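The values are calculated or read from the model by the stated rules, or taken from the named source; none is laboratory data. Computed from a prediction, not measured in an experiment: that's the story for all the values here. As a convention, Cβ positions derive from the backbone with ideal geometry for all residues, glycine included, and neighbour counts pool all protein chains shown. In case anyone asks, the SASA skips ligands and DNA or RNA and just uses the protein heavy atoms, side chains included. Shrake-Rupley method; radii C 1.70, N 1.55, O 1.52, S 1.80 Å.
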Amino acid sequence: MANQKGNIQEYISEKTREILVGRLSSEKFRGFLKENTRKVETMFTYYHCALMEVETKFKVLNEELSLSRDHTPIETIKTRLKSMDSLVEKVERCGVGFSVESIMENINDIAGIRIICSFQDDIYSLVDSFLGQDDITLIEKKDYIANPKENGYRSLHLIVSVPIYLEKQKRDMKVEVQFRTIAMDFWASLEHKIKYKKDIPESKSTKLVNELKLCADITADLDRKMQEIRQELAEV
Ligand code: 0O2
């Protein structure tokens, strides 16, 4: 995920600068952005608002759930707006039309939030509580914890719709929520770095893929063992 943009105006200025200095690879997208700067700025602002709504929901759940447990279920919350490069790549890869409406309709992960927990069980409790809230609509769920990807990637992903209340309207916004344990996040961060590192010779890359798969198995074991220890402690 790209870094959290603390200040939306800073983020938009950075994006505008990217357009002006022509760093974006896509000629077509550059033209679209020049003509739609205000609309794109508004779009990112709405997604930023949706992220604030969802982040608050998890902070509230964390407070409440920690009352009934001997630990706080959430270790870290990270939010991010999709980087412009990544958005352009996805718009082109998915053959999405060059309009703000079409992008908002078809790209589901412009706003992303990652919830990092110590224990796997906490992930499932949080998912249940979050999806039980009456203003949250589930659009898609992928459980890569129950069904890890071939490379060993584990996380639980949701695409949800959440309302934001603006001056004169209510808008339903899509947000991607990823849930991971600390171990899953540690693994995914390294794997992500390796995936995007260019110029790795093929022989080395095959070795790294195999080693990462081994690490994924070790982290899955670690998560299971930590969960068991916590359970035993709770029963004392
Ligand atoms: P970023 O920078 O994290 O946003 P798509 O979104 O179309 O690429 P799909 O199948 O719709 O793919 O989405 P999926 O499987 O839910 O995965 C989307 C996000 O999950 C990715 O976003 C990653 O953050 C994470 N992810 C999925 N698979 C892997 C993996 O094998 N390794 C790692 N490290 N992360 C993974 P982006 O857009 O790739 O990047």
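Positive-end ranking of PRO201, MET226, VAL236 along the dipole of the chain, with charges on Cβ about the Cα centre, is headed by PRO201. Kindly list the residues of the stretch 62-84 that lie in the label zone of LYS28, defined by a backbone N under 19 Å from the point 7 Å along the Cα-to-C-beta vector. The answer is 84, whose backbone nitrogens lie closer than 19 Å to the label point. Over all other residues within a Cβ to Cβ distance under 12 Å of GLU92, the charged ones net out to 0, with Lys and Arg as +1 and Asp and Glu as -1. Accessible area ranking (1.4 Å probe, heavy atoms, ligands and nucleic acids excluded), largest first, for CYS49, CYS117, CYS215: CYS215, CYS49, CYS117. A straight Cα-to-Cα reach below 12 Å connects LYS142 with the aspartates and glutamates GLU176, residues fewer than 8 places away in its own chain not being considered. Across the stretch 74-116, the mean sequence separation of Cα contacts (distance under 8 Å, 6 or more residues apart), normalised by length, yields a relative contact order of 66 percent. Of all stretches in the chain that contain no trypsin sites (Lys or Arg not before Pro) in a DSSP loop with at most 16 other Cβ atoms within 10 Å, the longest one is 70-148. Here the stretch 49-115 is assigned +1 on the Cβ of each Lys and Arg and -1 on the Cβ of each Asp and Glu. Its dipole about the Cα centre then comes out at about 120 debye. In a reduced charge model with +1 at each Lys and Arg Cβ and -1 at each Asp and Glu Cβ, the stretch 98-164 shows a dipole moment near 280 debye about its Cα centre.
Taking all protein chains as shown and a probe of 1.4 angstrom, GLU235 keeps an accessible surface of around 130 Å². Summary of the geometry: the stretch 136-163 and the stretch 71-121, compared by the centres of their Cα atoms, lie 12 Å apart.
Within the assembled protein chains, the solvent-accessible surface assigned to TYR124 is about 70 Å², based on a 1.4 Å probe.
Past the 31 angstrom mark, what percentage of all C-alpha to C-alpha distances in the chain do you count? It works out to 31 percent of all Cα pairs.
Within straight-line reach of LYS34, meaning a Cα separation under 17 Å, sit the following aspartates and glutamates at least 8 residues removed in sequence or on another chain: GLU14, GLU18, ASP85, GLU101. Fraction of C-alpha pairs exceeding 24 angstrom in the stretch 65-162: 34 percent, rounded to a whole number. Among beta bridges identified by DSSP and lying wholly in the stretch 45-185, the antiparallel ones come to about 80 percent. Evaluated at q = 0.17, 0.23 Å⁻¹, the base-10 log of the normalised Debye intensity for the stretch 91-139, with identical point scatterers placed on the Cα atoms, takes the values -0.71, -0.88.
Ranking PHE32, PHE98 from most to least accessible surface, computed with a 1.4 Å probe over the protein chains only, gives PHE98, PHE32. Each residue was assigned an accessible area with a 1.4 Å probe, and for PHE179 the value is about 0 Å². Under the convention that each Lys and Arg Cβ holds +1 and each Asp and Glu Cβ holds -1, the size of the dipole of the stretch 84-136 around its Cα centre is about 200 debye.
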